[in-house]
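*Asks:* I have a structure I would like to understand better, so I am pasting it below and will then ask my questions one at a time.
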Amino acid sequence: MSLFDTIQSDMYAAMKSGDKHKTGTLRVALSTLKDKKIEKREALTDVEAIKIIQNLVKQRKEAADIYKENGRNDLMENENAEIKILNVYLPKMMSEDDLRILVKKVVEDTGASGLSDIGKVMPEVMKQSAGKVDGKIAQSIVRDLLQQS
């Protein structure tokens, strides 16, 4: 069963159980996935669907941060609840220790020696991590390691 089908069946289950919040969140995710599918004119792979879900989570994190800054805790909690719902469909994220090991390996493989080489290292880290890392965390680790070089 594809990720799209899983989300769709979970949305139907949430509708039947009367969970309006989960239904709404999954409906938005399905709508976004369908839009990309139409734009692409063929079925989405699970990797593409995961990237779309990650983008939705990122948008909600940014919105939650803005709500927090403006003292709107009710809206912030709503965004955080949606993040929890969407995170169910994402692969388990890489631990920071595993990410640090991966970054060290990529730095050695690319021969990077300073901050000017961050453009060589980051794309390779993101490619090898296959969407299992937060780009901001990866970038900070890459910066730390390249500054030490």
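*Asks:* With label points built 7 Å along Cα→Cβ from the Cα atoms of Gln148 and Asp5, find their separation and express it in nm.
*Replies:* 4.6
*Asks:* Could I have the simple spin-label model distance between Ala43 and Leu30, label points 7 Å from Cα toward Cβ, reported in nm to one decimal?
*Replies:* 1.7
*Asks:* Sort Glu82, Glu42 from largest to smallest accessible area, using a 1.4 Å probe on the heavy atoms of the protein chains. Don't skip to the end; give the middle numbers.
*Replies:* Values: Glu82 30, Glu42 105 Å².
Listed by decreasing accessible area, they come as Glu42, Glu82.
*Asks:* Now, a different point. If we count every other residue with Cβ under 12 angstrom of Leu75's Cβ, Lys/Arg +1 and Asp/Glu -1, where does the sum land? Intermediate results must be reported in sequence, preceding the final value.
*Replies:* Details: positive: Arg60, Lys68, Arg72; negative: Asp65, Glu69, Asp74, Glu77, Glu79, Glu82.
Computed value for this residue: -3.
*Asks:* Just by accessible area at a 1.4 angstrom probe, what is the order of Tyr12, Tyr89, Tyr67 from largest to smallest? Spell out each step's value before the answer.
*Replies:* Values: Tyr12 110, Tyr89 20, Tyr67 70 Å².
Output order, biggest surface exposure first: Tyr12, Tyr67, Tyr89.
*Asks:* Additional query: Give me the extension gain from Asn70 to Ser113: residue separation times 0.36 nm, minus the current Cα-Cα distance, reported in nm with one decimal.
*Replies:* Stretched fully, the Asn70-Ser113 segment lengthens by 11.3 nm.
*Asks:* Give the lysines reachable from Lys61 as a straight Cα distance under 22 Å; neighbours fewer than 8 places away on the same chain don't count.
*Replies:* Straight-line reach from Lys61, under 22 Å: Lys20, Lys22, Lys36, Lys51, Lys84, Lys92, Lys132, Lys136.
*Asks:* Now for a different question. Helix-only estimate, please: 222 nm mean residue ellipticity of the chain, summing -39500 (n - 2.57) across DSSP H runs of length 4 or more and dividing by its residues, to the nearest 500.
*Replies:* -26000 deg cm²/dmol
*Asks:* Counting only protein heavy atoms, what percent of the accessible surface of the chain is carbon or sulfur at a 1.4 Å probe?
*Replies:* Whole-percent figure for carbon plus sulfur exposure: 51.
*Asks:* Given the C-alpha atoms of the chain, compute the convex hull and give its volume per residue in Å³.
*Replies:* So the per-residue hull volume is 143 Å³.
*Asks:* Provide the per residue accessible area, probe 1.4 Å, for the chain, rounded to a whole number of square angstrom.
*Replies:* For the chain, the solvent-accessible area averages 64 Å² per residue.
*Asks:* What's the local net charge at Pro91, with K and R +1, D and E -1, over the other residues with C-beta under 10 Å away? Present the calculation step by step, with values, prior to reporting the outcome.
*Replies:* On the way: positive: Lys92, Lys132; negative: Asp46.
Residues near Pro91 contribute +1 overall.
*Asks:* Below 9 angstrom from the Cβ of Gly111, what's the summed charge of the other residues (Lys, Arg +1; Asp, Glu -1)?
*Replies:* Here the charged neighbours net out to -2.
*Asks:* Please list Val125, Val28 from largest to smallest accessible area, probe radius 1.4 Å, with all protein chains kept in place.
*Replies:* Val28, Val125
The values are calculated or read from the model by the stated rules, or taken from the named source; none is laboratory data. Predicted model only: the values in this text are computed from it and were never measured. For neighbour counting, all protein chains shown are included, and Cβ atoms are generated from backbone atoms with ideal geometry for every residue, glycine included. Note: areas computed on protein heavy atoms with side chains; ligands, DNA, RNA excluded. Shrake-Rupley method; radii C 1.70, N 1.55, O 1.52, S 1.80 Å.
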